[in-house]
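Inspection log for the structure reproduced underneath, given as structure tokens.
Rule-based calculations on the coordinates, nothing more; no lab input. These numbers were taken from a predicted model, which means no experiment stands behind them.
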Amino acid sequence: MRRISILAVGTLLALAALAGTAFAKEGAVTKLDQLPPGGLHAGQTYPIGYQILMDGVEPYKADTTEILIRNTTGKALSYPGTANGAAGHYVAKVYFPAAGTYTWQVTQGSFFAPFDLGTITVQAPAGSSANDSQTAPASSPVNEPIAQGIGFVAALIAIGGAVRLTQLVRTQRRITAAA
């Protein structure tokens with residue numbers, strides 16, 4: 001009987017893990033406010049506004065958020081976001097130290113994975129020649145293969161636990177009926 005209880009608890013935990021991934025749906029996405037029309041220039045600080053949306057529609061109030069930029073050599077700079085205006089809207093004061101191409105992403109609190117904004121080309125300082133153009137941020141969320149695999153593994157555990165629980169209950173009934 002003790003084995004049945006342990007197996008039942010394990011099965012319930014696996015089902016609870018499945019429920020968590022079912023409720024999570026898409027996760028969160030981040031939408032940037034309008035960037036300056038002339039593009040971004042090195043050596044200047046820009047207030048970058050963004051909205052974090054849970055499942056792409058509902059504003060999400062993150063416990064912590066930041067914009068993280070990386071240059072082509074991998075050096076990372078982090079700029080914390082502060083709540084501004086409507087629920088789920090934040091502003092980070094971002095500084096690009098040099099002209100060039102950067103990747104950037106937004107940390108969307110401790111519950112959701114960071115959102116990849118793609119790449120952006122930062123122009124030379126305003127006084128210099130500015131021939132580079134800015135590329136638009138990516139609009140699709142980052143694919144998280146680990147998050148997808150967790151749901152699959154939890155489903156396999158739940159099915160295996162249910163099959164084994166059924167076998168143990170049948171065996172227990174046979175023993176009880178024979179006695």
Computed over segment 30-140, the relative contact order (Cα-Cα under 8 Å, seq sep at least six) in percent reads 27 percent
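At 20 °C and 1.002 mPa s, grab the translational diffusion coefficient of segment 30-140 from Stokes-Einstein with a Kirkwood Rh over Cα pairs, rounded to a whole number in µm² per second.
The calculation lands on 150 µm²/s.
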Binned Cα-Cα distances of segment 75-115, short to long, each 5 Å bin given as a whole percent: 5, 18, 26, 25, 15, 8, 4
